[in-house]
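Right, one structure below, let's go through it.
The values are calculated or read from the model by the stated rules, or taken from the named source; none is laboratory data. Remember, predicted model here, so these are calculated numbers, not experimental data. Every residue, glycine as well, gets a Cβ built from its backbone with ideal geometry; the counts of neighbours run over all protein chains shown.
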Amino acid sequence: MKNPLIVKIVILIIFIGSFGNAFSKDMKIEEPLFSSSLRYTGNGMAYWYSKTNGGLEILTGIPYSNLDCKNCHVATCEACHRTVINGKPVYSKTFARKQDTCLHCHKREASVYQIDISLNQKNVHSAKGFECMDCHTAREIHGDGIEYKSMKQPGAMDTKCENCHEPISSTISHKVHRDRLDCKACHVRHVISCFNCHFDTLLKEGKRVAIPLSGWVFLMNYNGKVTSANMQTFVVAENKTFLMFAPQNSHSIMKDGRKCDECHATDTVKKVREGKLSLTWFENNNLKNVKGVIPVVDGVIYESVYQNYQDGKWIPIDNPALPLIHYAAFGEPLSKEQLKKMSIPMGKK
C-alpha cells in the first residue's frame, strides 16, 4: 500500500472505527445507569402509590402513569449540571454539587433548613459547612444499573451515619439501645409533614396544595432497627382519607441525642397504648399538631382534621371517612412489645 492517499484513508477509517467503538462502549456503560436510576424513573413515588402495594391508587383509581407527578423527576443531565457562565450555557460538575442545586428540587429539606435557621437551631452538619454531596454519592444520584423500587430499598443508598461516625462513642444510651435503634431515631430533631394533600386539586388544577406541619418525629421499624419516620395525609373525592407512614431522614440533626424522658413514658406513648392519639386539631381556629416523638403502631387510631380545598381556602370535612393506613418505603410499625418498652419510665425495669 504505497499510495499515500490510500494510507491516510485507511488510518482515518481505523481512527473513526476506534472512536465509534469507544463511544458505543461508553454509552453502554453510562446511559443505562442514569436511565435506571430513581432520579430518572421516579419509581419511589410510583411504588408507594401503587394499589398493588396498598397505596393511594386504591382510593383514586388512577394509575400513576396518568398523573403529572411523574414529570417532577429528572429526564436529562441538564437538570443538575447545566448552568450559565459568562453568558454561555455550560455543563458543570461544580454547579451540580452545590447545595442550592439539590434544594431546588428537594424542597422539603429546604424547608427544614429554613425552620432550623429561624429557630436558631443548629443542624450539626450545616454548622460545620457540610453540604449534600459531602455525604451522598454519585452512584446514588446517577444510578448503578439496578432499577430500585425506592430509595429505602436495601442497596439503593450508600449514605449512613456510620460512614463517618465509626466507632460510635460508648455513651449509656448507645450501650442500652445497642443495635436496636438507628442513629436517626434519637438524633433527628424534627420532620416536616405534608398534611392534607388535596388530590382533586392536583387533578383539576395541576396544583399541589398541602399544609406543612413540623415539631414532631415519628418512630417505626426499618431494616431491623427503630428509625425516624414521617407521615403524610391525603383527601380524595371530598371525604375519602389516606394516612401514610414511612421511614425518613430529616436533615435536622442534633449532636446530642434525645433524653430518655422525651421518648419513654410520655403522654403521647400513653395515648398510643390506649389505642387513640389526636395528631391534629383546631384550637382558636388554628390548626395544631402534637409535638415530640410519636410511635407508629398498627391498630392505633391516629385522629386528624381533614379538609377540602375550595377557592383557595381550607374547609373542614364533617365526618370524614376513616383513613386507609399505609406503611410505605419498606417501613413497618412498631410492635406491641416495643411500645410496652417505651411506656416504662426511665430508670425502671
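Each row is one residue, and each column tells you yes or no for (1) of a type in the set (A, V, I, L, M, F, W, C); (2) part of a strand (DSSP E or B); (3) without any contact (Cβ under 8 Å) to a residue 24 or more places away in the chain.
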| position | (1), (2), (3) |
| --- | --- |
| THR268 | no, no, no |
| LYS271 | no, no, yes |
| PHE282 | yes, yes, no |
| LYS288 | no, yes, yes |
| ILE294 | yes, yes, no |
| TYR302 | no, yes, no |
| VAL305 | yes, no, no |
| ILE315 | yes, yes, yes |
| PRO320 | no, no, no |
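Quick check on ASP311: is it closer than 30 Å to LYS149 by Cα and either more than 25 Å from the chain's Cα centre (by Cα) or among the acidic types (Asp, Glu) (or both)?
On the way: closer than 30 Å to LYS149 by Cα: no; either more than 25 Å from the chain's Cα centre (by Cα) or among the acidic types (Asp, Glu) (or both): yes.
So ASP311 does not fit the description; no.
Restricting the range 111-148 to residues that are part of a loop (DSSP other than H, G, I, E, B) and of a type in the set (A, V, I, L, M, F, W, C), which is nearest to SER214 (Cα to Cα)?
LEU119
I'd like the residue in the range 57-71 that is outside any helix (DSSP H, G or I) and surrounded by 12 or more Cβ atoms within 10 Å (Cβ to Cβ) and, out of all such residues, is modelled with the lowest pLDDT.
The extreme case among them is LEU67.
Given the structure, is ASN221 among the polar types (S, T, N, Q), closer than 13 Å to ILE294 by Cβ and assigned by TED's automatic domain parsing to the domain that holds THR280?
no
For the range 274-329, name all the residues that are of a type in the set (Ser, Thr, Tyr) and either over 18 Å from VAL191 (Cα atoms) or not assigned by TED's automatic domain parsing to the domain that holds ASN223 (or both).
Selection gives TYR306, TYR309.
Given the structure, is ARG108 among the basic types (Lys, Arg), part of a helix (DSSP H, G or I), touching a strand residue (DSSP E or B) at 6+ places or on another chain (Cβ under 7 Å) and not assigned by TED's automatic domain parsing to the domain that holds ASN230? Give the steps one after another, and end with the answer.
Details: among the basic types (Lys, Arg): yes; part of a helix (DSSP H, G or I): yes; touching a strand residue (DSSP E or B) at 6+ places or on another chain (Cβ under 7 Å): yes; not assigned by TED's automatic domain parsing to the domain that holds ASN230: yes.
It is true that ARG108 is among the basic types (Lys, Arg), part of a helix (DSSP H, G or I), touching a strand residue (DSSP E or B) at 6+ places or on another chain (Cβ under 7 Å) and not assigned by TED's automatic domain parsing to the domain that holds ASN230.
Residue-wise test of (1) among the basic types (Lys, Arg); (2) touching a residue at least 12 places away in the same chain (Cβ under 8 Å); (3) within 30 Å of CYS186 (Cβ to Cβ).
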{"position": "ASN86", "(1), (2), (3)": "no, no, no"}
{"position": "PRO89", "(1), (2), (3)": "no, no, no"}
{"position": "SER92", "(1), (2), (3)": "no, no, no"}
{"position": "SER111", "(1), (2), (3)": "no, yes, yes"}
{"position": "SER126", "(1), (2), (3)": "no, yes, yes"}
{"position": "PHE130", "(1), (2), (3)": "no, no, yes"}
{"position": "ILE146", "(1), (2), (3)": "no, yes, no"}
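Against the conditions (1) closer than 30 Å to GLN121 by Cα; (2) without any contact (Cβ under 8 Å) to a residue 24 or more places away in the chain, where does MET342 fall short? Just the number, please.
(2)
Only one of ILE141, ILE85, ILE117 is of a type in the set (A, V, I, L, M), more than 23 Å from ASP158 (Cβ to Cβ) and surrounded by 12 or more Cβ atoms within 10 Å (Cβ to Cβ). Can you tell me which? Can you show your working first?
Values: ILE141 fails: more than 23 Å from ASP158 (Cβ to Cβ); ILE85 fails: surrounded by 12 or more Cβ atoms within 10 Å (Cβ to Cβ).
After ruling out the rest, the residue left standing is ILE117.
Say whether the condition of being out of contact with any Pro (no Cβ under 8 Å at 6 or more places or on another chain) and hydroxyl-bearing (Ser, Thr, Tyr) is met by at least one residue in the range 145-155.
As a first pass, look at the range 145-155 and keep what is out of contact with any Pro (no Cβ under 8 Å at 6 or more places or on another chain): 146-151, 153-155.
Still in the list and also hydroxyl-bearing (Ser, Thr, Tyr): 148, 150.
Yes, the range 145-155 has at least one match.
Based on this model, can you work out whether VAL235 counts as part of a strand (DSSP E or B) and in contact (Cβ under 8 Å) with a residue 12 or more places away in the chain?
Details: part of a strand (DSSP E or B): yes; in contact (Cβ under 8 Å) with a residue 12 or more places away in the chain: yes.
It is true that VAL235 is part of a strand (DSSP E or B) and in contact (Cβ under 8 Å) with a residue 12 or more places away in the chain.
Can you find even one residue in the range 168-177 that is under 29 Å from HIS264 (Cβ atoms), free of Cβ contacts under 8 Å to residues at least 60 places away in the same chain and surrounded by 14 or more Cβ atoms within 10 Å (Cβ to Cβ)?
yes
Of the residues that sit in the range 191-228 and are modelled with pLDDT of 95 or more, on the phi > 0 side of the Ramachandran plot and among the small types (Gly, Ala, Ser), which one is surrounded by the most Cβ atoms within 10 Å (Cβ to Cβ)?
Selected residue: GLY215.
So how many residues does the range 293-313 have that are surrounded by fewer than 17 Cβ atoms within 10 Å (Cβ to Cβ) and at negative phi? Before the answer, list the steps.
First pass over the range 293-313, keeping only residues surrounded by fewer than 17 Cβ atoms within 10 Å (Cβ to Cβ): 298-299, 301, 303, 310-313.
From what is left, the residues that are at negative phi are 298, 301, 303, 310, 313.
Matching residues across the range 293-313 total 5.
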